[in-house]
Amino acid sequence: MARITAGVGCSHVPAIGVAIDKGITGDDYWKPVFAGFEKSREWMKEANPDVIFLVYNDHCTAFDSSIIPTFALGAAAEFQPADEGWGPRPVPVVKNHQVLASHIAQSLILDEFDITVMNEMEVDHGLTVPLSVMYGQPEEWPALVIPLAVNVVMYPAPTGNRCYNLGKAIRRAVESFDEDLNVVIFGTGGMSHQLQYKRAGLINPEWDNAFLDRLTSDPVGLSQMPHIEYLREAGSEGVEMVMWHVMRGALDDEVTEVHRHYHVPASNTAVGHIILENKNED
Amino acid sequence: MTDKDYEDIPGTFVFDADRARIGYHLNQFCISLGKAEGREAFTADPEAYLDRYPMSPEQRQAVIDRDWNRMLELCGNIYYTSKLAAYDGINFQDLAGLMTGMGREAYRKMMVDGGRPIDGNRYKSEWGED
Ligand SMILES: [Fe+2]
């Protein structure tokens, strides 16, 4: 049977992708950002997932204002990195586990999550930056990737509670798949940041670190946080962090925090990262 | 109408369904510049290209003036307007320098020093606004 063994929370700041692509990760500015991912890359080698279920948001790349699905699951055979205004990132094409993806799509809908199925989709930095920070610059991504795009651009994003429960449904879907597969789930975005208007540049490290603490100690309580708290305390774009609840919901109630990294700034954003393992994994 | 509990955050627009409706053509214009065809067509004939998007005269003027805050006030959204900025060669951080009125260097320094603090920046009343 397929199993979700661990979860990764990770910011997906576009400038981090630019730093990797330009080869400037050793600069004074970027060094502390990437130092915190060295252990993560070791961990990824060790964990060696067959499939990554990657929860991210599209930044008006695959979806402009004309269609705004709350949850869109990638079911295509592969996903090309998109041109986001500066040409596509020079990263490998993202390959799906198409059979598992269609199984999950079917299972989620019967489990009363009305997701949108994407048989064609390009993926933006929201998906490729977390792969780059966790894997570096391989010729091909070492794992297959099932993308789940969540609307966080137009208010309201799905509630934390909805995201947490979706995580549980994803776990049920994965565990009802016959093939033996090691699946790691990523929740991406955040942490505190505001990109717009006169309050741009807002960063709230106390709030961010409390969020990281509660992912382990109080995930259900954390998932009840109303949107207004993200918007006010973590900035208008900080609401991306609802996506971390999908990751957390897919794990055991009891998890072990095996790694954490927090750094300010990367461009306009606080970088946050956490790795959580299910306690019953050996 | 229900009360919008997010309208008392200073210096912030929450891009809700109302703003998405009003800003639709402005945002669709901006996002079209994310693709090479859009950028080329806009460069070739800016006025004709803008004619394809039936935005309000105020929205159109804000685009022409590259008045980044005005675009947001008129229901543009940052993920969209940033594509127009990218077309002009302005990245997210420099755009923030413009929107905050701080300028590039002061904004960059604020971020390196830990960003804009939350204290004093939660409520419009703290900014002397209502
Ligand atoms: Fe994002």
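Could you grab me the full set of residues in segment B:78-112 that are closer than 18 Å to A:Val13 by Cβ and surrounded by fewer than 14 Cβ atoms within 10 Å (Cβ to Cβ)?
B:Val112
Check segment A:43-62 and report whether any residue there is away from the ligand (no atom under 16 Å from the Cβ), surrounded by fewer than 21 Cβ atoms within 10 Å (Cβ to Cβ), more than 14 Å from chain B (Cβ to nearest Cβ) and in a loop (DSSP other than H, G, I, E, B). First the steps, then the outcome.
Quick first cut of segment A:43-62, residues away from the ligand (no atom under 16 Å from the Cβ) only: A:43-53.
Okay, now just the ones that are also surrounded by fewer than 21 Cβ atoms within 10 Å (Cβ to Cβ), so A:43, A:45-48, A:50.
With more than 14 Å from chain B (Cβ to nearest Cβ) added as a condition, the list becomes A:43, A:45-48, A:50.
Applying the additional criterion that residues be in a loop (DSSP other than H, G, I, E, B) yields A:48, A:50.
The answer is yes, given that some residue of segment A:43-62 is away from the ligand (no atom under 16 Å from the Cβ), surrounded by fewer than 21 Cβ atoms within 10 Å (Cβ to Cβ), more than 14 Å from chain B (Cβ to nearest Cβ) and in a loop (DSSP other than H, G, I, E, B).
Looking at segment A:92-103, which of its residues are of a type in the set (A, V, I, L, M, F, W, C) and either within 14 Å of chain B (Cβ to nearest Cβ) or out of contact with any Phe, Trp or Tyr (no Cβ under 8 Å at 6 or more places or on another chain) (or both)?
To start, the set of residues in segment A:92-103 that are of a type in the set (A, V, I, L, M, F, W, C) comprises A:93-94, A:99-101.
A:Val99, A:Ala101, listed by residue number.
Checking B:Arg66 against (1) within 14 Å of chain A (Cβ to nearest Cβ); (2) at positive phi: exactly one of these is not met. Which one?
Against the list (1) within 14 Å of chain A (Cβ to nearest Cβ); (2) at positive phi, B:Arg66 comes up short only on (1).
Go through the residues of segment B:69-80 one by one and say whether even a single one is over 20 Å from A:Gln196 (Cβ atoms) and within 12 Å of chain A (Cβ to nearest Cβ).
Within segment B:69-80, not a single residue is over 20 Å from A:Gln196 (Cβ atoms) and within 12 Å of chain A (Cβ to nearest Cβ).
The rows are residues; the columns are (1) touching an Asp or Glu at 6+ places or on another chain (Cβ under 9 Å); (2) of a type outside the set (Ser, Thr, Tyr); (3) assigned to a helix (DSSP H, G or I).
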position	(1), (2), (3)
B:Cys30	no, yes, yes
B:Tyr49	no, no, yes
B:Gln61	yes, yes, yes
B:Cys75	yes, yes, no
B:Leu84	no, yes, yes
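Taking only segment B:30-46 into account, find how many residues are crowded, with 16+ Cβ neighbours inside 10 Å and either of a type in the set (S, T, N, Q) or touching a residue at least 60 places away in the same chain (Cβ under 8 Å) (or both). Talk me through it step by step, then tell me what you get.
So in segment B:30-46, the residues crowded, with 16+ Cβ neighbours inside 10 Å come out as B:30-35, B:38-39, B:41-42.
Next, from what is left, pick out any that are either of a type in the set (S, T, N, Q) or touching a residue at least 60 places away in the same chain (Cβ under 8 Å) (or both): B:32.
Of the residues in segment B:30-46, 1 are crowded, with 16+ Cβ neighbours inside 10 Å and either of a type in the set (S, T, N, Q) or touching a residue at least 60 places away in the same chain (Cβ under 8 Å) (or both).
Taking the conditions exactly as written (over 23 Å from B:Gln28 (Cβ atoms), surrounded by fewer than 17 Cβ atoms within 10 Å (Cβ to Cβ) and away from the ligand (no atom under 16 Å from the Cβ)), does A:Gln80 satisfy them or not?
Details: over 23 Å from B:Gln28 (Cβ atoms): no; surrounded by fewer than 17 Cβ atoms within 10 Å (Cβ to Cβ): yes; away from the ligand (no atom under 16 Å from the Cβ): yes.
It is false that A:Gln80 is over 23 Å from B:Gln28 (Cβ atoms), surrounded by fewer than 17 Cβ atoms within 10 Å (Cβ to Cβ) and away from the ligand (no atom under 16 Å from the Cβ).
Within the group A:Gly87, A:Gly74, A:Gly23, A:Gly17, which residue is within 15 Å of the ligand (Cβ to nearest atom) and either more than 14 Å from chain B (Cβ to nearest Cβ) or of a type in the set (Gly, Ala, Ser) (or both)?
Values: A:Gly87 fails: within 15 Å of the ligand (Cβ to nearest atom); A:Gly74 fails: within 15 Å of the ligand (Cβ to nearest atom); A:Gly23 fails: within 15 Å of the ligand (Cβ to nearest atom).
It is A:Gly17.
Return the residue satisfying two criteria in turn: it lies in segment A:232-282 and is polar (S, T, N, Q) and within 14 Å of chain B (Cβ to nearest Cβ), and of such residues it is nearest to the ligand (Cβ to nearest atom). Before the answer, list the steps.
The initial filter retains those residues of segment A:232-282 that are polar (S, T, N, Q), namely A:236, A:256, A:267-269, A:278, A:280.
Then keep just the ones that are within 14 Å of chain B (Cβ to nearest Cβ); that gives A:236, A:267-269.
Numbers: A:Ser236: 12, A:Ser267: 11, A:Asn268: 11, A:Thr269: 9 Å.
Per the criteria, the residue is A:Thr269.
Only one of these conditions is not met by B:Tyr53: (1) within 25 Å of A:His125 (Cβ to Cβ); (2) within 12 Å of another protein chain (Cβ to nearest Cβ); (3) crowded, with 17+ Cβ neighbours inside 10 Å. Which number is it?
Condition (1) is where B:Tyr53 drops out.
Please list, ordered by first then second residue, the pairs with beta carbon atoms under 8 Å, 6 or more apart or interchain, first in segment A:45-59 and touching a residue at least 12 places away in the same chain (Cβ under 8 Å) and over 15 Å from A:His97 (Cα atoms), second more than 16 Å from the ligand (Cβ to nearest atom) and among the polar types (S, T, N, Q).
Here the result reads A:Ala47/A:Thr5; A:Ala47/A:Asn182; A:Asn48/A:Asn182, each pair linking segment A:45-59 to a residue that is more than 16 Å from the ligand (Cβ to nearest atom) and among the polar types (S, T, N, Q).
Cβ-Cβ under 8 Å, sequence separation 6+ or interchain: first residue in segment A:107-134 and under 18 Å from A:Asp83 (Cα atoms), partner surrounded by fewer than 16 Cβ atoms within 10 Å (Cβ to Cβ) and at pLDDT 95 or above. Which pairs?
Hits for this filter: A:Glu122/A:Gln80; A:Val123/A:Gln80.
If you scan segment A:87-131, which residues turn out to be within 23 Å of A:Val33 (Cα to Cα) and among the hydroxyl-bearing types (Ser, Thr, Tyr)?
The answer is A:Thr128, and nothing else.
How many residues does segment A:154-194 contain that are facing chain B (nearest Cβ under 8 Å) and surrounded by fewer than 24 Cβ atoms within 10 Å (Cβ to Cβ)?
Within segment A:154-194, residues that are facing chain B (nearest Cβ under 8 Å) and surrounded by fewer than 24 Cβ atoms within 10 Å (Cβ to Cβ) number 3.
Would you be able to tell me the number of residues in segment A:83-112 that are surrounded by 19 or more Cβ atoms within 10 Å (Cβ to Cβ) and assigned to a loop (DSSP other than H, G, I, E, B)?
6
The values are calculated or read from the model by the stated rules, or taken from the named source; none is laboratory data. Quick caveat, the model's predicted, so the values are computed rather than measured. Cβ sites come from the backbone with ideal geometry, for glycine too, and all protein chains shown count toward neighbours.
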